[in-house]
Structure formats: C-alpha cells, structure tokens
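Worksheet for the structure shown next.
The values are calculated or read from the model by the stated rules, or taken from the named source; none is laboratory data. Just so it is clear, the model here is predicted, and its values are computed rather than measured. Virtual Cβ from ideal backbone geometry, glycine too; neighbours counted across all protein chains shown. Note: accessible area is taken over every heavy atom of the protein model, side chains too, but ligands, DNA and RNA are not part of it. Shrake-Rupley method; radii C 1.70, N 1.55, O 1.52, S 1.80 Å.
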Amino acid sequence: MSIVSGKKRSSVDIAVPVHEPDGRPSSLSEEAGHIVTYGTAHSDNPFFVKDLEYTPEEEKRVIRILDTRLFPWILLTTFVLNMDRTNISNAISDDLPADLGFTINTVNTATAIYSVLFSIFCLSGAVIAKIAGPARWIPTLMFAWGLVTLAHALIKDKAGYLTVRCFIAITEGGVIPATLVYLGGFYKGTELATRLAWFWGVQTIASAVSGLMASGLLQLRGVQGLEGWKWLFIVDGIITLFVAIATWFYLPRNLARTKGGIRGFKPWFDEKQVQIAVTRVIHDDLSKRIYEKRVTWVDVKDSLTDIGIWGHLLISMVGLTPTTPLSTYLPTVIKSFHFDVFVANALTAPPYVLQCMVMVLLTRNSDRIRERGLHGAFGAGWQLVGWILLRALPKGTKRGVKYMAAVIVASWPSTHPLNIAWMSENTGSVGKRTIASGLIIGSANIYGVWGSQIYQANDSPDFRRGNFINIAFAGTAFLLWIAQKNIYRVRNARKAFKWAALSEKDKVEEENRKEERGNRSLTFKFTT
C-alpha cells in the first residue's frame, strides 16, 4: 500500500505524542489497512507531525472535506463580492449618470478613485488579516460593504456618488487578499490554481446573475419614488448583510477549530485527519508550521526586491487593463447594438458563464501538466483576438454579429487566478506571500486608474479609439507571459549551475537554510 510521509527523523528531533487543542494526548494506533505512528511534533504547531505516515486515500478524504465544507462557503463570499462590484455597470446602463446629472466621464473618475483606494486597502487588508485572523476579517469587511451598498440608494448628486464609490473601495479592498491568505492555510500551493480558477470563475457567474437580476429589478423604476438602479443596490445590499452575518459564524479559524457556530456540533476532522491536514500543508511550505505568523519588514523588503513578483504585478496591470472598460460598460455596449436596457443586461449573462467554464478548464490543464507561462499567453491571446474583432467590425454590421464579437471578448479565460497561483507557488514563505498577495490584488485593481479613461464620452457608442488601445494592452500582455516564463527558466538554470559548483559541506548548509532563504535558496525550483 502506498504511504505518504515526511522526511526521516534527524538526531535532534524528539519523538513526542501530539496533543489535542484541550491538552489531551492523542491516542493514535494502528488501523486496519493503514500505518499510523507517533511522529515528531513541532513545538511551533502541535498538530504538525514531521514523520506522520498516511495514505493518498486518507489525504484525499481530507481534501474532500475541505472542498465540500469550506471551499463552497468561500465561493459564496466571492459571489456576493462580485455581485456588488458588477451592479454598478448594470446601474449605469439604467441611466444612473443622467439621473444624477453627470456624464460617463464622471463615472470614469469614480472608477479611477475606486481603483486607487481598492489597491491601497488590498495591501493593508492582507496584513490586517494576519493580525485579526482572516476568518474574522472577511465577514467584517462584508458587513461593512453591505451597508455601503445600501447607501447607494441615498445618493442624489455627483458628490454623493463619488463618496459611496470611495467607501465601497475601502470596504471591499481587503477581502480578496485576506481570502488568499486564508486558503493558504488549508491547501497546498499545487492545489490552489484550480481552486482560484473557481474562485474567479464564480465571480463571473455572479456577474451573470447580477445581469439577470438587473433585467428584472431595473423595471421597478418609479416604485416608492426610486429609480430602478436604486432597487438593485438595495436588494444586493440586503443579500450581502445576510451572508456576512452567516459567514462570521461559519468560517473556521484554522484546521483544528472546525466545530461550533453553524458549522455543527462535531468537528470536520478526527484527530488523525487534523494531523494530516496540518502536516501536508506544512510539508508543502515549511514556513506555515507557525500558527498566525506575522509579517516582518524583512518580508516587505524581500518582496519588493524580487524580480519575479514584479513580473507578475506587471502582467496583472497590463493584461487586466482592458477589463475595466469591459466590466464597466458591457451592458451599455450591448445596449448600443440596439437592444433595450432590460435585454442588454440579460445578454451579459452568457459570456460570463462561458468565461467561467473556459477559465476553469484552462487552469485545470495548467495544473495537470504543471505549466503556467504558455497557458497564460493563450488567455491573453484569446482576449487580443476578441478586441481585434470588435474593433474591425464596420458600423453597419448586424447587431447579432456585434454581440458575438462582444461575447468573444467578455468570455476570454481570465488569466488572473493562474497568475496569482503562479506567483504564490514561486514565492517561498508565508510572510512574503502575504505581502505579495496584497501587492498582486492591488495591481489587479490599480490599472483601473488608466483603464477607466479608455472609453470616453466623445468616443461612444462604438468606442473605436478605445478598442484600439485595448488591442495594444492585450498584445503586450501576451508577450509578458512569454517573457515571465523565460525569466524563471533562466533563474532555474543559474541556480542549478551554482548548486553544482558547491562543495558537499556548502550543499548541506544550503539545505539547512532553505526555509530562511525562501525562493532565493539554491534548492528552490521555480515553476515555469
């Protein structure tokens, strides 16, 4: 029978029984068909057993519990997040600017401000999540932005609009990096890419649902003297507050604390499964053996001087720039094809659903063959082809053909989750990964500062100048993915060369310092 285990015990390891959270020693013994032993419990984490032996089937059971008990709730939180982020584009198609007395240029200004604030609070959100605990910080942020979403129903002018957009950015900014930090405590790095694809895939489903909801809720214009888009914000805000409260009582703080609240009276794992769940994650990344590890200035410096991280940030900022006009004005663009506002919002659903499917398939294949760069280039190339089609169509083209071009653009397999997973597995330590997570989510929103200016009022409704700019960004992103892959290949080759030149004594020292040095260690191999 196949057995999974950690490294062999060294002479300095002390064999001690692993204790439960209440201090009781565990009573592990041989089970039918499995080899179970007392192992080496690390002092930093009582559930980490260095020499713990378990079968692949036991590990799969642990992953299955996480995938059925934890991950669906994480998908629910990101569903609500993107439902609230998408509703502004639906509201704009319902003449929100005209109702409040301004043009889409003011919308662009608000989007730029939103992007700056969102990016700033992405970094602070990741750090606060490590201090307060992501299981508490995530629902707190959700409740806050739910209140701000409701506040959209109170705005009456340009000043009110700009104010609520600032506060929605502040409250939403920290939740995604906090979620990434949270998931890193439950899953191995090699398991995150596909799950992050579902994470962002569900966001596209939320955009589709938001469009369908808008097609109905916008028809409430005039009820209680409110515009249709205000009803959209009211309903979305109420849903968010309800989910936020439930999330507070559902998310476990860590693998060892899974009972209580609305999770149930029994823990998700038995004592052996807790050890498997913790040990496998720590063997994947030794820096995770310390619970609640804080971020240090060394982590900050290490992150800011890592060329690999800057490459991922550049890919995000360039490759995602065209999504700003796309996400803000997709219903409006479809409406310009001579569909009414209700039909236009409903027609945003198909491309978003298709995007989810293609993105998950692309990322799963990337996980399967352990390749990142070419898969990312494929996604960027898909977007490039879509923008070229939308830009090349003459004005007299039938609306069905124009809509299909919009579908191709909007359904591109977003490379963002692939980029994050690639960066995460090539980072090397929890503290550095926390900083990098905040940076990359920030970079994945700061592009809105310039991306918000691509579509201008004097370029509507076809936005031909804007689409030419989108082509330039998508083409550059395609080249950046190829460049990043080659950078990692060169770094691996240099490490291999330096390792071969070391003496046996130096190799032992390098092995002993691999956790301290993270991805700068000669033993660390970058995924390409």
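The conditions of being among the hydroxyl-bearing types (S, T, Y), touching a residue at least 12 places away in the same chain (Cβ under 8 Å) and under 18 Å from T332 (Cβ atoms) are met by T348.
Regarding the range 62-80, can at least one residue be identified that is in the same structural domain as A244 (by the TED database) and closer than 24 Å to P461 by Cα? Within the range 62-80, not a single residue is in the same structural domain as A244 (by the TED database) and closer than 24 Å to P461 by Cα.
Checking each residue of the range 88-102 against the condition of being aromatic (F, W, Y), touching a residue at least 40 places away in the same chain (Cβ under 8 Å) and over 24 Å from N458 (Cβ atoms) gives no match.
Report yes if L362 is closer than 24 Å to S89 by Cα and buried (at least 18 other Cβ atoms within 10 Å of the Cβ), otherwise no. Judged against the criteria, L362 is not a match.
When residues in the range 52-110 are screened for being within 30 Å of G185 (Cβ to Cβ), open to solvent by 30 Å² or more (accessible area, probe 1.4 Å) and among the polar types (S, T, N, Q), 1 of them pass.
All of C122, C166 fail the test of being within 29 Å of M423 (Cβ to Cβ), among the hydrophobic types (A, V, I, L, M, F, W, C) and open to solvent by 30 Å² or more (accessible area, probe 1.4 Å), apart from C166.
For the range 482-528, taking the residues that are modelled with pLDDT of 90 or more, out of contact with any Lys or Arg (no Cβ under 8 Å at 6 or more places or on another chain) and of a type in the set (S, T, N, Q), the one that is surrounded by the fewest Cβ atoms within 10 Å (Cβ to Cβ) is identified as S503. Contact annotation: residue pairs with Cβ atoms under 6 Å, 6 or more positions apart or on different chains, pairing a residue in the range 124-144 that is over 16 Å from A244 (Cα atoms) with a partner that is of a type in the set (S, T, Y) and modelled with pLDDT under 90, are A126/T434; A126/S437; K130/T434.
Looking at the range 365-384, which of the residues that are modelled with pLDDT of 95 or more and among the aliphatic types (A, V, I, L, M) is surrounded by the most Cβ atoms within 10 Å (Cβ to Cβ)? Here the answer is A380.
Filtered by the rule that a residue be of a type in the set (S, T, Y), open to solvent by 10 Å² or more (accessible area, probe 1.4 Å) and closer than 25 Å to L362 by Cβ, the range 169-195 gives T190, T194.
Do we have A153 as assigned by the TED database to the domain that holds L81, touching a residue at least 60 places away in the same chain (Cβ under 8 Å), hydrophobic (A, V, I, L, M, F, W, C) and crowded, with 23+ Cβ neighbours inside 10 Å here? Answer is no for this residue. Just a yes or no: is a residue in the range 520-527 in contact with a Gly (Cβ under 8 Å, 6 or more places away or on another chain) and assigned to a helix (DSSP H, G or I)? Yes. Residues satisfying the criterion are absent from the range 320-328 (criterion: farther than 25 Å from L480 by Cβ, not in a helix (DSSP H, G or I) and not small (G, A, S)).
Confirm whether L313 is open to solvent by less than 40 Å² (accessible area, probe 1.4 Å) and either modelled with pLDDT under 85 or assigned by the TED database to the domain that holds P97 (or both). So L313 fails the test.
The condition of being open to solvent by 20 Å² or more (accessible area, probe 1.4 Å), closer than 16 Å to N445 by Cβ and assigned by the TED database to the domain that holds I239 holds for W200. Quick check: anything in the range 236-248 charged (D, E, K, R), touching a Pro at 6+ places or on another chain (Cβ under 7 Å) and surrounded by 18 or more Cβ atoms within 10 Å (Cβ to Cβ)? Looking for residues that are charged (D, E, K, R), touching a Pro at 6+ places or on another chain (Cβ under 7 Å) and surrounded by 18 or more Cβ atoms within 10 Å (Cβ to Cβ), one finds none in the range 236-248, hence no.
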